[in-house]
1. Give the carbon-plus-sulfur fraction of the accessible surface of the stretch 42-171 in %, rounded to a whole number; probe 1.4 Å, heavy atoms of protein chains only.
2. Heavy atoms only, 1.4 Å probe, whole protein assembly: order ASP79, ASP97 by accessible area, highest first.
3. So for the chain, averaging the separation of alpha carbon pairs under 8 Å that are six or more residues apart and normalising by length, what relative contact order in percent results?
4. Heavy atoms only, 1.4 Å probe, whole protein assembly: order THR44, THR80 by accessible area, highest first.
5. To the nearest 20 debye, what charge dipole does the chain have about its Cα centre, counting +1 at the Cβ of each Lys and Arg and -1 at the Cβ of each Asp and Glu?
6. Got a number for the accessible area of LEU145? Probe 1.4 Å, square angstrom, nearest 10.
7. With every protein chain present, what is the per residue accessible area of the stretch 31-128 (1.4 Å probe, Å²)?
8. Taking the structure as given and computing Kirkwood radius over Cα pairs in Å, which label from [x] 16.6; [y] 16.2; [z] 20.1 fits?
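The values are calculated or read from the model by the stated rules, or taken from the named source; none is laboratory data. Predicted model, so just to flag it, every value in this text is computed and none were measured. Neighbour counts are summed over all protein chains in view; Cβ atoms, including those assigned to glycine, are modelled from backbone coordinates with ideal geometry. SASA here: full protein model, heavy atoms, side chains in, ligands and nucleic acids out. Shrake-Rupley method; radii C 1.70, N 1.55, O 1.52, S 1.80 Å.
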Amino acid sequence: MMAHATRIVILGAESSGKSTLAEALAGHYGTVWVPEYLREFVETRGRVPFEEDQFGIALTQLERENAQAARANRFLFCDTSPLMTAIYSRAYWNRVDAPLAALAAKHDYALTLVAAPDVPWEPDGLQRDGIERRQEVHRMVIETLDERRIPFVQVGGDLPQRLRQVRELLG
């Protein structure tokens with residue numbers, strides 16, 4: 001029986017370097033990562049999500065994570081989670097519907113990393129709100145993790161600094 005991969009999630013606001021870090025960590029550890037489905041959703045539909053899309057986005061993210069877990073070697077790096085989708089739902093619509101809240105409650109990761117919003121802002125088509133929203137969402141991420149008593153490590157600096165910080169945690 002093959003051992004299960006240790007799941008590590010990277011949370012953070014838009015343009016905080018989550019995808020870059022997840023991909024780099026997967027490369028460093030010779031494993032796979034789970035890209036953020038929201039990006040694909042926006043690109044394929046040519047629009048940002050509506051409130052009623054949130055649950056489906058979170059569910060697809062989780063399904064892809066579970067599928068990649070079978071292919072992972074030691075670690076599985078997840079670029080976002082249903083909890084992040086719930087935070088965005090609260091940020092945009094001031095509420096989280098019950099199905100999404102239930103998915104977000106199952107935050108089952110060995111390590112939760114939070115990408116600091118200290119990298120240069122990069123516009124990304126329809127998906128990017130602005131640097132002010134990035135700070136607000138970052139604050140919401142930290143508050144949500146604290147409220148739920150989910151331990152986390154914030155990583156910051158440029159990519160080599162972030163990689164070094166995570167390698168020190170994981171060995």
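1. Carbon plus sulfur share of accessible area: 51 percent.
2. From most exposed to least exposed: ASP97, ASP79.
3. On the way: 267 pairs, mean separation 56.8, N = 171.
For the chain, the relative contact order is 33 percent.
4. Descending order: THR44, THR80.
5. 460 debye
6. 0 Å²
7. Per-residue accessible area for the stretch 31-128 comes out at 48 Å².
8. [y]
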